[in-house]
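The values are calculated or read from the model by the stated rules, or taken from the named source; none is laboratory data. Note that the structure is predicted; figures quoted are calculated from it, not measured. FYI the Cβ positions are ideal-geometry reconstructions off the backbone, even for glycines, and counts take in every protein chain you see. Accessible surface areas use protein heavy atoms only, side chains included; no ligands, DNA or RNA. Shrake-Rupley method; radii C 1.70, N 1.55, O 1.52, S 1.80 Å.
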Amino acid sequence: MKSFAILAASAGLALAGCSSPAEALEKPVNAPASKTIAKEGAGLKTAVFAGGCFWGVEGVFSHVKGVKSAVSGYHGGKASTAKYNTIISGMTNHAEAVRITYDPYVVRYDELLQIFFSVVADPTLKNRQGPDVGAHYRSALVPQNAEQRRVARAYLKQMGASGKWRGPIVTKIEGYKKFYPAERYHQDFMRKNPRHGYIVRWDAPKVRALKSMYPSQYRASFLSDG
């Protein structure tokens, strides 16, 4: 769990490590390009992704060209329990998630899915990602419209038949309920805390994989929401 890392961060101890036991680093996967192309039209679009600790999800998408905003937060559950110290119990039905705003003329939804499953989330893990365990760390796609839902369904099916992953695909599509932005200290956490033990071990490698695997879609500067 990263709860001790959070407490350390809030106390200004940027070098504190994650309290989880040491584990092998996750490896990126060459997720297949989607056979179903998103047809989203002009104008900025919004998408919500849940893929474990939101620091890394936000960090990766903040380096993707065409992404205009990336906000860490909680999807699902009630407003009264949309607080970090409450959701870590795993009993609130929230998922740590990231809401991004993007320009589909630069990066389409189906391309975001490919990036997400290549370097961010392991779709074969249920209620966990990396060292973090609990229902609030589940991987989920939260479509914001019928087109995203169509593309997400087709892509999960394609992933299952691709043979790229050893286990079955357990990532779910969840209906949009409510997105609650996380506490301020969670926003832009990777940019603000590049030496944090959790970031160094788990999230920085994801950004390096993005740069290596998707050089044409990689943006060197970190998109900041403030």
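Tell me, what is the per residue accessible area of region 59-102 in Å², probe radius 1.4 Å?
33 Å²
Name the most mobile residue of Pro123, Pro215, Pro28, meaning the one with the largest mean-square fluctuation, in a Gaussian network model of the chain with Cα contacts below 10 Å.
Pro215
Which entry is the computed Rg and Dmax of the Cα atoms in Å for this structure: (i) 18.0, 55; (ii) 18.9, 55; (iii) 16.2, 47?
Evaluating Rg and Dmax of the Cα atoms in Å on these atoms matches (iii).
Quick check for me: using +1 on Lys/Arg Cβ and -1 on Asp/Glu Cβ, what's the dipole size of the chain about its Cα centre, in debye to the nearest 20?
Magnitude of the dipole: close to 320 debye.
Once fully extended, how much extra length lies between Trp165 and Lys177, figured as 0.36 nm per residue of separation less the alpha-carbon to alpha-carbon distance?
Length gained between Trp165 and Lys177: 1.4 nm.
Name the residue from His196, Ala38, Val60 whose Cα lies farthest towards the positive end of the charge dipole of the chain, charges +1 on Cβ of Lys and Arg and -1 on Cβ of Asp and Glu.
Ala38
Whenever you get a sec, compute what percent of the accessible area on the chain sits on carbon and sulfur atoms (1.4 Å probe).
It is 55 percent, rounded to a whole number.
Please give the calculated 222 nm ellipticity per residue for the chain, where each DSSP H segment of at least 4 residues contributes -39500 (n - 2.57) and the sum is spread over every residue; nearest 500 deg cm²/dmol?
When only DSSP H runs of four or more count, the value is -7000 deg cm²/dmol.
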